[in-house]
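Novice: The following block contains the structure, expressed as structure tokens.
The values are calculated or read from the model by the stated rules, or taken from the named source; none is laboratory data. Being a predicted model, the structure only gives us computed values, none of them experimental. Because the Cβ atoms are built from the backbone with ideal geometry, glycine has one as well, and the counts that use them run over all protein chains shown.
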Amino acid sequence: MVKFNKSWFIVGIAALCLTLLGSVQAKREEQPPGTEKASSNSNGLRASDIRYYETPSGSPEEARTRGFIEHQEAIELVAQQYLLDTGEELATDFDNADYQRYVMSLGTAFDLFLEEDMDKIVAFVKFMDLYENYAKNDELAKYESKLLEGARLSPKETEVVHSLMPIDGNAPSTTDHSKR
């Protein structure tokens with residue numbers, strides 16, 4: 001039986017970590033001067049990497065007007081349900097995050113609505129899901145503009161950009177649905 005010495009194991013792990021850390025640092029130093037500027041960001045995020053969400057056609061104002069017209073019945077159902085839930089009136093404000101969240105929450109409330117009303121709610125939820133993307137895209141556009149101007153994003157800003165962007169359509173899936 002092989003005798004195990006914890007001290008040598010810890011020393012070995014530490015040496016391995018230092019070796020890996022050194023190779024990563026050496027790889028960074030190999031980067032030709034000026035390439036950081038070309039990528040616009042030290043962690044590799046470029047303006048061309050920014051992906052935008054799908055939105056309803058037209059401007060936000062046009063989409064809002066269309067939404068009020070096309071989803072009037074659902075808007076009334078949402079307001080009635082909010083009144084029942086809270087005892088308060090609900091202002092219809094497509095640009096209000098709380099309003100958007102409330103509308104989205106009703107998308108699975110099948111026990112609260114008749115089937116035909118639920119169809120209207122679901123159509124409105126789908127519209128609202130696309131409509132709220134205008135605000136996300138505006139935020140992403142600010143970061144893209146900053147990168148195009150040659151500025152660097154802080155690690156926190158880069159994290160925000162990645163959290164805001166939609167998942168890349170070419171990203172590998174955790175399950176392969178094509179084999180089913």
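Novice: Checking the condition surrounded by 13 or more Cβ atoms within 10 Å (Cβ to Cβ) and touching a residue at least 24 places away in the same chain (Cβ under 8 Å), which residue from Tyr131, Tyr82, Tyr99 passes?
Specialist: Working: Tyr82 fails: touching a residue at least 24 places away in the same chain (Cβ under 8 Å); Tyr99 fails: touching a residue at least 24 places away in the same chain (Cβ under 8 Å).
Checking each option against the conditions leaves just Tyr131.
Novice: Filter region 146-162 down to residues that are surrounded by fewer than 17 Cβ atoms within 10 Å (Cβ to Cβ), without any contact (Cβ under 8 Å) to a residue 24 or more places away in the chain and over 13 Å from the mean Cα position of the chain (by Cα) and give me whichever is farthest from Glu54 (Cα to Cα).
Specialist: Ser154
Novice: Being at pLDDT 90 or above and more than 28 Å from the chain's Cα centre (by Cα): is that true of Asp93 here? Break it down stepwise before answering.
Specialist: Values: at pLDDT 90 or above: yes; more than 28 Å from the chain's Cα centre (by Cα): no.
Judged against the criteria, Asp93 is not a match.
Novice: crowded, with 17+ Cβ neighbours inside 10 Å and touching a helix residue (DSSP H, G or I) at 6+ places or on another chain (Cβ under 6 Å), is that true of Ile75? Before the answer, list the steps.
Specialist: Details: crowded, with 17+ Cβ neighbours inside 10 Å: yes; touching a helix residue (DSSP H, G or I) at 6+ places or on another chain (Cβ under 6 Å): no.
Judged against the criteria, Ile75 is not a match.
Novice: Sticking with this one: Could you tell me whether Phe110 is among the hydrophobic types (A, V, I, L, M, F, W, C), at negative phi and surrounded by 13 or more Cβ atoms within 10 Å (Cβ to Cβ)? Explain how you work it out, then say what you get.
Specialist: On the way: among the hydrophobic types (A, V, I, L, M, F, W, C): yes; at negative phi: yes; surrounded by 13 or more Cβ atoms within 10 Å (Cβ to Cβ): no.
Criteria not met by Phe110.
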